[in-house]
Amino acid sequence: AQSVTQPDIHITVSEGASLELRCNYSYGATPYLFWYVQSPGQGLQLLLKYFSGDTLVQGIKGFEAEFKRSQSSFNLRKPSVHWSDAAEYFCAVGARTNAGKSTFGDGTTLTVKP
Amino acid sequence: DTGVSQDPRHKITKRGQNVTFRCDPISEHNRLYWYRQTLGQGPEFLTYFQNEAQLEKSRLLSDRFSAERPKGSFSTLEIQRTEQGDSAMYLCASSLDPPYEQYFGPGTRLTVT
């Protein structure tokens, strides 16, 4: 069965600092990988996705993520955080053989200090 | 395209009552998913449809839960005889087949008193 671990429950960074959110997955083959962001009271918004090809993927709002097969990781990065990035971030894995059904991590809450 | 919509946004009900939620997916999307999210957790898969066919249902979903997607358009999720443990945010998402990237609605927050 597929699973996702987000080791950091809560991260605090200063505005303008760089950010890296960790995601580790368990799946028997190459999965589909996603990062979503959820602001309070809102639904989830897709930030970026990995299906195949280039292991460094670019997303919206200046985010990027790198798929590392050897480490079973898909970490999310941003070079300079803005106060509006404060939210909860979820990593998800989708099985290629059961396409569409996604398993989510428990999320990382990002706080941005002024 | 207005995105995925869900109705109602909030529902407060008494234990033992039945509730029904509606999800309207993005019009050209043939896949529709239901998830449940509790505080401090990520969304948990409940069920999904390809067009009008319900292809998978989570083993965690009790018999009190039922979902339909008549004519492959909107979907409803019904919970019968609600329990306090059903209190959660119920999220709906839709996608094309492939690339399977899911677009989520704002959710329906259910509170069972």
Subject >> Residues of the stretch A:5-41 that turn out to be over 24 Å from A:Ser72 (Cβ atoms) and at pLDDT 95 or above, as a count >> reply: 6
Original post:
Which one of these does B:Asp63 not meet: (1) exposed (fewer than 12 other Cβ atoms within 10 Å of the Cβ); (2) at pLDDT below 90?
Top reply: (2)
Original post:
Is it the case that the stretch A:75-91 has a residue that's basic (Lys, Arg), at pLDDT 90 or above and not in a strand (DSSP E or B)?
Top reply: no
**OP:** Examine the stretch B:25-32 for a residue that is touching a residue at least 40 places away in the same chain (Cβ under 8 Å), part of a strand (DSSP E or B) and in contact with a helix residue (DSSP H, G or I) (Cβ under 6 Å, 6 or more places away or on another chain), and state whether such a residue exists.
**Re:** no
Original post:
What single numbered condition from (1) buried (at least 20 other Cβ atoms within 10 Å of the Cβ); (2) away from every other protein chain (no Cβ under 14 Å) fails to hold for A:Tyr32?
Top reply: (2)
Subject >> For B:Tyr35: the one exception among (1) assigned to a loop (DSSP other than H, G, I, E, B); (2) surrounded by 13 or more Cβ atoms within 10 Å (Cβ to Cβ) >> reply: (1)
Original post:
Which residue, of B:Thr82, B:Thr113, is more than 14 Å from the chain's Cα centre (by Cα) and surrounded by 14 or more Cβ atoms within 10 Å (Cβ to Cβ)?
Top reply: B:Thr82
Original post:
crowded, with 18+ Cβ neighbours inside 10 Å, away from every other protein chain (no Cβ under 14 Å) and either aliphatic (A, V, I, L, M) or within 10 Å of the chain's Cα centre (by Cα) (or both) - does that describe any residue in the stretch A:35-49?
Top reply: no
Subject >> Test: B:Tyr90 is surrounded by 17 or more Cβ atoms within 10 Å (Cβ to Cβ), modelled with pLDDT of 90 or more and either closer than 16 Å to A:Gly94 by Cβ or of a type in the set (D, E, K, R) (or both) >> reply: no
**OP:** Pick out the one residue from A:Trp35, A:Trp83 that is among the aromatic types (Phe, Trp, Tyr) and closer than 20 Å to B:Phe104 by Cα.
**Re:** A:Trp35
**OP:** Mind telling me which of the residues A:Gly53, A:Gly62 ends up being more than 10 Å from the chain's Cα centre (by Cα), free of Cβ contacts under 8 Å to residues at least 24 places away in the same chain and away from chain B (no Cβ under 13 Å)?
**Re:** A:Gly62
**OP:** Give the residue that is surrounded by the fewest Cβ atoms within 10 Å (Cβ to Cβ), with candidates limited to residues of the stretch A:65-107 that are within 14 Å of chain B (Cβ to nearest Cβ), in contact with a strand residue (DSSP E or B) (Cβ under 6 Å, 6 or more places away or on another chain) and β-branched (Val, Ile, Thr).
**Re:** A:Thr103
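The values are calculated or read from the model by the stated rules, or taken from the named source; none is laboratory data. Everything numeric in this text was worked out from a predicted model, so none of it was measured. Neighbour counts run over all protein chains shown; Cβ positions are idealised from the backbone, glycine included.
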